[in-house]
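Here is the structure we will look at, set down as structure tokens.
The values are calculated or read from the model by the stated rules, or taken from the named source; none is laboratory data. These figures come from a predicted structure and were not determined experimentally. Neighbour counts are summed over all protein chains in view; Cβ atoms, including those assigned to glycine, are modelled from backbone coordinates with ideal geometry.
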Amino acid sequence: MPELPEVETVARGLEAAVAGRRIVSVTLRKTDFIDDPALLERELPGRRIERVERYGKFMLLRLAALESIPAAPPEALLVHLGMTGNLAPNAAGQPLRKHTHTAFLLDDGRELRYTDARRFGRMAFLSGETLERELERFGADPLEVGRAEFAARMRSSRARIKALLLDQGVLRGVGNIYADESLWRARIHPAKPGARLSEREAERLRQALRAILARAIALRGSSISDFVDADGMPGDYQQHHRAYGREGKRCFRCARTIRRIIVAGRSSYFCPRCQPAPRGPRRARAKRRSTRRTSKG
């Protein structure tokens with residue numbers, strides 16, 4: 001499923017390609033992934049796409065109000081790509097690809113088409129309070145969150161750190177790939193409870209996550225299966241993975257074999273030497289007692 005870097009890549013491509021264009025008409029085919037198909041058909045024609053931005057794993061096509069309603073509340077078309085979705089402009093006369101479910105005719109003659117083989121994505125027209133409530137469900141952006149807020153979000157829960165990174169109510173946009181990559185870089189085991197992170201570890205993780213996401217965006221994301229950007233180009237960051245998907249291969253840092261475990265219901269890849277498993281409370285107390293006895297002796 002596309003994560004923050006992949007969605008950012010598509011959003012930037014669409015911003016360059018369709019921002020400023022007006023939607024002339026809407027054609028819908030299969031609509032089981034659309035919140036209210038009739039609302040899209042009624043509200044989108046005549047709207048101008050002001051800008052395209054990423055919000056977590058979602059894209060928001062921000063829409064200008066109709067000239068007849070100058071004081072209208074903020075409006076947007078929300079798009080989630082699911083596992084196999086793609087949103088891209090095409091020449092109107094170009095034959096439809098298989099699994100093309102929506103087509104927005106633009107005022108320059110092109111069509112903005114959404115294709116999705118598995119239809120695990122989502123599309124919704126949102127306005128005013130509905131849009132505000134939708135966005136309030138999500139946590140902080142990992143590229144913008146500050147040191148203190150990040151540490152508080154990670155260290156205030158007993159949940160395992162991998163689960164916290166994946167929780168969209170804690171941070172928005174991080175998925176399995178970049179959680180594993182950032183934990184490897186920060187040398188933190190995916191099963192370590194967030195409440196047992198030191199402030200130093202939390203900051204190391206924040207910096208690792210920011211650096212990895214920025215690098216992945218620069219390389220147009222990771223193309224694991226069929227992800228392509230708005231221009232149909234695959235990403236390159238999969239060539240730089242250090243943990244994700246590398247079970248049985250050597251760690252780039254210490255040469256120990258990368259292992260896989262299940263954390264928060266997801267496969268989690270880590271190095272057992274660089275990312276030592278967290279000690280249970282009893283083992284930790286026993287080690288502290290042993291250390292004190294040794295120092296006294």
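Has the range 33-42 got at least one residue that is within 25 Å of the chain's Cα centre (by Cα), closer than 22 Å to Gln238 by Cα and in the same structural domain as Leu96 (by TED's automatic domain parsing)? No - not one qualifying residue is present in the range 33-42.
The set of residues in the range 169-201 being among the acidic types (Asp, Glu) and more than 14 Å from the chain's Cα centre (by Cα) consists of Glu199, Glu201. A count restricted to the range 75-125 and to residues that are of a type in the set (S, T, N, Q), closer than 16 Å to Ile23 by Cβ and touching a helix residue (DSSP H, G or I) at 6+ places or on another chain (Cβ under 9 Å) stands at 1. Per the conditions (1) in a loop (DSSP other than H, G, I, E, B); (2) more than 16 Å from Val7 (Cα to Cα), the sole criterion not satisfied by Phe120 is (2). Taking first residues from the range 113-142 that are closer than 30 Å to Lys98 by Cα and without any contact (Cβ under 8 Å) to a residue 40 or more places away in the chain and partners that are in a loop (DSSP other than H, G, I, E, B) and among the small types (Gly, Ala, Ser), the Cβ contacts under 8 Å between residues at least 6 apart in sequence or on separate chains come to Tyr114/Gly121; Arg118/Gly82.
In the range 44-110, counting only strands (runs of 3 or more DSSP E) that sit wholly within it, none holds 3 or more residues that are modelled with pLDDT under 95 and among the β-branched types (Val, Ile, Thr). Every listed requirement among (1) modelled with pLDDT of 95 or more; (2) closer than 20 Å to Ala216 by Cβ; (3) assigned to a loop (DSSP other than H, G, I, E, B) is met by Met233 save one, (1). Taking every residue in the range 242-271 that is in contact (Cβ under 8 Å) with a residue 12 or more places away in the chain and pairing it with any residue that is in a strand (DSSP E or B) and of a type in the set (Val, Ile, Thr), at least 6 positions away or on another chain, the pairs with Cβ-Cβ distances below 8 Å are Cys251/Thr257; Ser267/Ile261; Ser268/Ile261; Ser268/Ile262; Phe270/Ile261. Here is a check on your reading of the model: is Val174 among the β-branched types (Val, Ile, Thr), buried (at least 18 other Cβ atoms within 10 Å of the Cβ) and without any contact (Cβ under 8 Å) to a residue 40 or more places away in the chain? Judged against the criteria, Val174 is not a match.
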